1. Below 9 angstrom from the Cβ of V66, what's the summed charge of the other residues (Lys, Arg +1; Asp, Glu -1)?
2. For a 30 Å ceiling on Cα separation, which of these pairs sit above it: K150/K220; K46/K196; K19/K112; K19/K195; K75/K180; K21/K195?
3. Between D265 and E13, what is the FRET efficiency for a Förster distance of 30 Å, r being their Cβ-Cβ separation, to the nearest 0.05?
4. What residues have an amide H closer than 5 Å to that of K238, excluding those fewer than 5 places away on the same chain, when H is modeled at 1.01 Å from N in the peptide plane?
5. Collect residues whose amide H, placed 1.01 Å from N in the peptide plane, falls under 5 Å from the amide H of L167; neighbours closer than 5 in sequence don't count.
6. As I understand it, the dipole of the range 24-96 uses +1 on the Cβ of Lys and Arg and -1 on the Cβ of Asp and Glu, about the Cα centre. Which of F33, Q92, A45 lies farthest toward its positive end?
7. How much net charge surrounds N261 when only other residues with a Cβ under 14 Å from its Cβ are counted (Lys, Arg +1; Asp, Glu -1)?
8. Which net charge results when you count Lys and Arg as +1 and Asp and Glu as -1 among the other residues whose beta-carbon is under 14 Å from that of I10?
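Read-outs throughout are calculated quantities, based only on the coordinates presented, and are distinct from any laboratory measurement. Everything numeric here is computed off the predicted structure, so don't read it as measured data. Positions of Cβ are generated from backbone atoms using ideal geometry, with glycine treated the same way; all protein chains shown enter the neighbour counts.
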Amino acid sequence: MAEPITDLNILEENPNDMKTKMELLIMRIQSEFCRSLEQEDGNQAKFTIDRWRRHNPSEGGGITCVLQDTETFEKAGVNITVMSAPLSKQLQASMRARWFNCCRGKELPEDKQFTFFAAGISSVIHPRNPHVPTIHFNYRYFEMQDEDGKNKHWWFGGGTDLTPYYLNEDDVRHFHSVLKSACERHDPQYYPDYKKWCDDYFHIKFREAENAENIFNFVKDCAEAVVPSYLPIVKKHKNDEVSDEERKWQLLRRGRYVEFNLVYDRGTKFGFATPNARIESILMSLPLHAIYGKCKCSIFRFPPKPCLKMLWGGWNQEQQQTIFSLFFFKSL
């Protein structure tokens, strides 16, 4: 979609550096995913590409790609960020409290100034047709060390999740089968473990306990699984007939999606806490249209019963295990 953020000479001189590998991976995934969405949308739909730098250009930047108000997608955003900067005291305190207290004796000394490197891809796709679910995925690599080049830590994080507005069990099973296959190429226990952690709250990270190269290959396979897990669902439902009531339900659910992203999502909070953050890229995940607050429309006279039953806990344990627990998959 654009030239790499890091100087090409630096990337070519350090082909085995994990920072290089991750930057090249996320650029490839961004390009492949955007091209697949453009092809599915048709009618000459093209992403707008915004290549940006941080206030201090030496700290890196990103590439923000947005497709908006087209025949198939109301809003589709695919961002990559590659940056290296001092770690703010606020973020150090957050990491010290939440992450490093469980990191096998690792410590984050309070008297040291840390710098960090981060490379990641993040995408949210809001389709026009409510029978096509929203998808979100992000995969990232984070590395940090203190001013003396010591106390070095690294980890990978991210995952993929699906948000249906109208439940189609076959779609959800397809989505998970593709991701499950990607997991099982590395370890048969990955899928059940990470899906459970995701169901508990979408969040799990790999740290230094495992080999970085093996984890990178796992991240690569999961990222490459996004297109085959999602595009067949888009193709299947993008031309389904839609009633006014179905559209209102979709907009109401999108309002809840916005609420989660702004109030609870840790990635959003991390973005806002980063000095000189680029707000436009952080808020890329917000939909073009949504209904907020209480909805007084008539949708509850015509509810999408399977989805409502799931949301309000009306399923028995077996149904929850086979459907509800499949809704969200975080691979890392």
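1. Local net charge: 0.
2. Over 30 Å Cα-Cα: K46/K196.
3. With R0 = 30 Å, the Cβ-Cβ based efficiency is 0.25.
4. Hits under the 5 Å cutoff: none.
5. C307
6. Value computed over the given set: Q92.
7. Working: positive: K75, R253, R254, R256, R266, K269; negative: D161, E259, D265.
Residues close to N261 contribute a combined charge of +3.
8. Combined, the nearby Lys, Arg, Asp and Glu give -4.
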